[in-house]
Amino acid sequence: MSALPGSAEGTAVTGLDSSPVEPAPADLPPLTEQTRLEAREIIARYPVPRSALLPMLHLVQSYQGYVTPEGVGLCAEELGLTKAEVGAVATFYTMYKRRPTGRHLVSVCTNTLCAVLGGQRIFDAVAADLGVHHDETAADGSVTLEHAECLAACDYAPVVTVDYEFYDQQDVDSARELVAALRRGEKPLPTRGAPLTDFRGISRQLAGFSQHADAAAAAAAVDAAGELGPTLIGLRLAERRGEAAPPMPDSVSPSGGDAQAAERAGAAQADLDAPQPAGRDTGNGRAGTDTPAGTEPGTSGQGPSEKKA
Ligand code: FES
């Protein structure tokens, strides 16, 4: 059982996890007026203030290394939410940390494909080198280690990420050397994507701010060239063998499949074009949100088609 971050007495429980929120270390610098101003800048990006909560949690994490009770309090104050509401979100997502995080976060995928190719052996070796278990930080504060479920890069298995940057096709030796380099203060180049920063830097980027000190540093942070080899192996093998995917059933249906597909597409479009009610009916007479469906960024207008009685 664990405490919700921000619960004053530290005794509230969720029953969903086993990671207690640690009180802030005595030497942790408090959040500043600058943090609060940046939080308001994030809020201003959204039509509904509470939509800003996720990047705000990354922001407080970028200053203090984890979501502290103070950070929960700041988010709650600025958004007009309770600390319990903020805590419920912060404890739901694994990217929000509940205890101080090391300079770097090393995530080792031990899900199915990575595991059969050595992911668990990598995790065990790195854990032994660091003297830690899952979600623990080395005594020198350099690295926090965690098991990760699929990191969405199965074609590059076994995969390790550092501060969410990819290090593909690792083995025990390469992963141990990677972590040793991090502990020496080095920042090995990821296999692809942006250069490595650190956990606080990537948290700042996830909050929507540049993690670079100035424009020159930002310009120097050039992404590694993409390399699609493992992703395209199946396609290239099929090409060599002269294989092709079978046609889609609708295009060969003797009973007019094309017409049926067009009919379905038309019906779907009509549904999208229909006027949508504002807000989500929570069943207790209160709207879940006062944002009209379809006006939130990133949505395509697909809201509930009718309110419950
Ligand atoms: S199983 Fe490891 S990245 Fe998908």
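The values are calculated or read from the model by the stated rules, or taken from the named source; none is laboratory data. Predicted model, so just to flag it, every value in this text is computed and none were measured. No Cβ is skipped: glycine too gets one built from the backbone with ideal geometry, and neighbour counts run over all protein chains shown.
Looking only at the range 156-209, count how many residues are among the charged types (D, E, K, R) and in contact with a Phe, Trp or Tyr (Cβ under 9 Å, 6 or more places away or on another chain).
Initially, the range 156-209 is screened for residues among the charged types (D, E, K, R), giving 163, 165, 168, 171, 173, 176-177, 183-184, 186-187, 192, 198, 200, 204.
When the remaining residues are screened for being in contact with a Phe, Trp or Tyr (Cβ under 9 Å, 6 or more places away or on another chain), the result is 163, 168, 192, 200, 204.
Selection size over the range 156-209: 5.
Just checking, how many residues over the range 104-149 are assigned to a loop (DSSP other than H, G, I, E, B), within 19 Å of the chain's Cα centre (by Cα) and among the β-branched types (Val, Ile, Thr)?
Of the residues in the range 104-149, the ones assigned to a loop (DSSP other than H, G, I, E, B) are 110-111, 117-118, 131-135, 138-142, 149.
Filter again for within 19 Å of the chain's Cα centre (by Cα), leaving 110-111, 134-135, 149.
Subsequent filtering for residues that are among the β-branched types (Val, Ile, Thr) retains 110.
Residues that pass the stated criteria total 1.
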**Prompt:** among the hydroxyl-bearing types (Ser, Thr, Tyr), at pLDDT 95 or above and part of a strand (DSSP E or B), is that true of residue 101?
**Reply:** no
**Message:** I'd like to check something: does the range 172-185 contain any residue that is buried (at least 22 other Cβ atoms within 10 Å of the Cβ), among the hydrophobic types (A, V, I, L, M, F, W, C), within 14 Å of the ligand (Cβ to nearest atom) and not assigned by TED's automatic domain parsing to the domain that holds residue 53?
**Reply:** yes
**Complete:** Selection from the range 186-232 of residues of a type in the set (Val, Ile, Thr), surrounded by 11 or more Cβ atoms within 10 Å (Cβ to Cβ) and part of a loop (DSSP other than H, G, I, E, B) yields 191, 197
**Item:** Selected residue (criterion: nearest to residue 198 (Cα to Cα)) from residues of the range 103-123 that are buried (at least 24 other Cβ atoms within 10 Å of the Cβ) and near the ligand (Cβ under 8 Å from one of its atoms)
**Value:** 109
**Request:** Assess whether residue 177 counts as being under 27 Å from residue 63 (Cβ atoms) and free of Cβ contacts under 8 Å to residues at least 12 places away in the same chain.
**Result:** no
